1. Which ones in region A:93-151 are in a strand (DSSP E or B), aliphatic (A, V, I, L, M) and away from the ligand (no atom under 16 Å from the Cβ)?
2. Which numbered condition in (1) within 12 Å of another protein chain (Cβ to nearest Cβ); (2) crowded, with 22+ Cβ neighbours inside 10 Å; (3) not charged (D, E, K, R) is the only one that A:Val252 fails?
3. Which condition does A:Val74 not pass, out of (1) more than 16 Å from the ligand (Cβ to nearest atom); (2) closer than 30 Å to A:Ile159 by Cα; (3) not polar (S, T, N, Q), if it passes all the others?
4. Please specify each residue of region A:266-309 satisfying the condition of being of a type in the set (A, V, I, L, M, F, W, C), touching a His at 6+ places or on another chain (Cβ under 8 Å) and more than 14 Å from chain B (Cβ to nearest Cβ).
5. On the given criteria, is A:Val205 closer than 22 Å to A:Ala342 by Cα, under 13 Å from the mean Cα position of the chain (by Cα) and within 16 Å of the ligand (Cβ to nearest atom)?
6. Could you please find all residues in region A:349-403 being closer than 24 Å to A:Glu309 by Cα, out of contact with any Leu (no Cβ under 9 Å at 6 or more places or on another chain) and basic (Lys, Arg)?
7. Any residue at all in region A:65-87 that is more than 25 Å from the chain's Cα centre (by Cα) and modelled with pLDDT of 95 or more?
Amino acid sequence: MADADRIPGFATLSIHAGAKPDPTTGARATPIYQTTSFVFDDVEHAASLFGLQAFGNIYTRIGNPTCAVLEERVAALEGGTAGLAVASGHAAQVIVMHALMMPGDEFVASKKLYGGSINQFNHSYKNFGWNVVWADPDDISTFEKAITPKTKCIFIESIANPGGIVTDIEAIGNIARKAGVPLIVDNTLATPYLCKPIDYGADVVVHSLTKFLGGHGNSIGGLIVDAGSFNWSRDKKYPMLCEPRPEYSGMVLHETFGNFAFAIACRVLGLRDLGPALSPFNAFLILTGIETLPLRMQRHCDNALAVAEWLSKRPEIAWVSYPGLPGNKYNTLAAKYAPKGAGAVFTFGLKGGYDAGVKLVSNVKLFSHLANIGDTRSLIIHPASTTHKQLSDAQKVQAGAGPDVVRLSIGLEDKEDIIADLEEALTA
Amino acid sequence: MNHDSYPDSYIRGILNTVKTVAMVGFSPKENRPSYFAFKYLLERGYRVIPVNPGQAGKEVLGQKIYAKLSDIPDPIDMVDVFRGSEHVLPIVQEALTLQPKPQVIWMQLTVRNDEAARLAEEAGMKVVMNRCPKIEYGRLSTEISWIGVNSRTLSSKRAQMYGKGVQRMSLGPKEETKDKN
Ligand SMILES: Cc1ncc(COP(=O)(O)O)c(C=O)c1O
């Protein structure tokens, strides 16, 4: 009985949350339910499932038992009420916005975001009539100033890709609360091991599972976590949640599903109709990755700090942007939001500029030159000659991808080998 | 009882004990939360008696609707309140006059009336506020995990099926699940 009220620790949840033995076979590892569809128990049961009157499985675009374990796992790690797995991190963002925004609406986003998200917000969302208003996380007041009556949410990254920027989640959460809009936090680079945005006022957390959560560079995936904290019925701002839905014969999702209504809205209105479902096989691989998240993440951070310290002493290097380094602009925020480590993705500048960047990525032998982060392997990219090549020099600098900038994602190899590879490539 | 956060063992104990539930504020409309809960609890083997003065005498899913609690001829274990918080007190007062007295007053999601709760608890009843028995049943039986909800339970024992199908789960024996809060 004394045990009944214990709240398990992070490592225990990383392994067990959502994953009870399979009810039909007793399989202990989560089975890969590689099936499109599920038979109904009977006609009445089928009708109940379609009407959302029963919990269960219909069709893998809407839900799948392997994906459901992943959903519960990440929701538990983030301290949320429910999760929804989708095909990619970008799909997670679209599904969240689809549940919140109507044509002509606005949202405020930090301008320090993953470049792909900046593209999605600036260009793709135009077709839906969703208008992004950019704010600067280095000047919190710009968020407050950007709020208008049309604002439906605020979107930030906890630790921002690529430059090792730590966002003041709590301060921006307070602005969101005052404005009566939810705060959406992309927690991809931090993972809940380093930072739990819900503790600081996030109402929704999104992930690219592709990165550290999956952690092995083998599967694309995304996830939405509902914090259960936002009152969707306070005003008429969020019709997907607070008004009768014609899709479900007049059901009101918030009154029916309470503090996990947002996750349900994303599933039954977004995922069901837009369709970016996660494959159960990917869910399985990502779940296996999450089982070791706390071990991996700590090692990623310890290695990253060692590499950042080493780089900052090198004559070839002009600057290192790693929030874990004392004296870094974001060191205080990192100490508050990610005390166990400031993540494993950061940038640095080469004194030799563009040519030195090209040379470095060509010379490395252990680092892989590719456009991803959050792998067991150490990864390197020179944005100016790859992901940001099409931008003007001025735009490159603005995006934190100037000609001298190199981004690293530090892996789980021996740190001596990681450093030796950089040393060899820098001096070659 | 701390009504801000209930131990799972408390909720499980209630759902494992009560058999007959009177649902006050029941709506026969199929898209209303009370109808959802009504249908779900019936399917899980509870006897659920709908109460709604405007619908009294009609039948829904084979269950007769009564105008008020005291009209119900059979003993009731739990009163489930689907009314606004301000309407709860007289419902509890009426429940207290029943013979035998119900063991549980359950107020639905968003419904909370601390005065009514105190009155019921002083009379020896258990009280749950701002929760849905359908959601709690689904959570503790693990069924709700199929829609990605954080059940806040861990277990190395497999969940038990309810009845013949494969998609309905039961609450199972009490020690099966390690409750987290
Ligand atoms: C912070 C961040 N958010 C979102 C994404 C997009 O995720 P995905 O590639 O899984 O769509 C990425 C991918 O690089 C990312 O780094």
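The values are calculated or read from the model by the stated rules, or taken from the named source; none is laboratory data. Just so it is clear, the structure is predicted and the values come from calculations on it, not from any experiment. Cβ coordinates were reconstructed from backbone atoms using ideal geometry, including for glycine residues, and neighbour counts include every protein chain displayed. Heavy atoms of the whole protein, side chains included, go into the accessibility calculation; ligands, DNA and RNA do not. Shrake-Rupley method; radii C 1.70, N 1.55, O 1.52, S 1.80 Å.
1. A:Val108, A:Val133, A:Ala135
2. Just one mismatch for A:Val252, condition (2).
3. All conditions pass for A:Val74, except number (1).
4. The answer is A:Leu274, A:Leu285.
5. Yes; evaluated as a whole, the condition is true for this residue.
6. A:Lys351, A:Lys365
7. no
Residue-wise test of (1) more than 16 Å from the ligand (Cβ to nearest atom); (2) in contact with a strand residue (DSSP E or B) (Cβ under 9 Å, 6 or more places away or on another chain); (3) among the β-branched types (Val, Ile, Thr).
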| site | (1), (2), (3) |
| --- | --- |
| A:Ile175 | yes, yes, yes |
| A:Asn187 | no, yes, no |
| A:Cys195 | no, yes, no |
| A:Val225 | no, yes, yes |
| A:Thr256 | yes, no, yes |
| A:Ala263 | yes, yes, no |
